[in-house]
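The structure under discussion appears below in the form of structure tokens.
Every read-out reported here was derived from the displayed coordinates using simple, explicitly stated rules and does not represent laboratory data. Given the structure is predicted, the values throughout are model-derived calculations rather than measurements.
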Amino acid sequence: MRIYIFILLSLMMSQDSTSFSREVDEAIQDYENLIEKFPEMKGLNFNLANIHSKMGDMESAMHEYEQALSSEDTQLRAHALYNMGNLQFENGNIEESSKLFREALKLSSKDEDILHNYALSQKVLKEQQEQEKQQDQDQDQEKENKENKEGQEKQEQQQDSDQNQDDKSQEKQESSEQKDSEKQKQEEGESDEQ
């Protein structure tokens, strides 16, 4: 059955896009008809999911892979989980892909492809977590710097305000002293006149 899918996809890709699209639609319809007639043959769901996946229809592919999970064939279930993990990984859902690969490993612990993709998803997940941690630290540092800058600006404003107050007080004092001096001179001038 898998060889049939490979040959079908190879032939479809070698033809022009209108013919390709029509043949894919026909293949999908054929599989849907077979699934309706033989619902217990979960390999049909798996193959249909592969076609949907190749065509970029993730939602339909995921649905058909999920249908394949009810198969009694452990290897088919493992490969369905593996393919679901690949789709999740390709769409940036690394944590979900890792969970799916782990479930696939429970069914097929020696499958090198599943092991490789599980390890890769774990590595990427760890890198993402470290990156998020670094971003959080950077945001905290940025916030602290902003708060420090705002505090410093307030302190400078207060110092400027205090300096202005001191300047005004000094001006008042000087003005008052000048008035006193002028008043004293005036009084001395009046006493000299007498």
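Can you give the extra length, in nm with one decimal, that the chain gains between N164 and N145 once fully stretched, where that is 0.36 nm per residue apart less the Cα-Cα distance?
Here the segment from N164 to N145 would lengthen by 4.0 nm.
Gain in length, E26 to Q134, computed as 0.36 nm per residue apart minus the alpha-carbon separation, to one decimal in nm?
Additional length available on full extension: 33.8 nm.
For the cross-link pairs K54/K126; K99/K123; K42/K106, which exceed 22 Å when the distance is taken from alpha carbon to alpha carbon?
Where the Cα-Cα span goes over 22 Å, the pairs concerned are K54/K126.
Hey, what do the phi angles of the range 75-87 turn into as Karplus ³J(HN,Hα) couplings, whole Hz, using 6.51/-1.76/1.60 and θ = phi - 60°, x for Gly and Pro?
Calculated HN-Hα couplings, in order: 5, 5, 5, 4, 5, 5, 4, 4, 5, 5, x, 4, 4 Hz.
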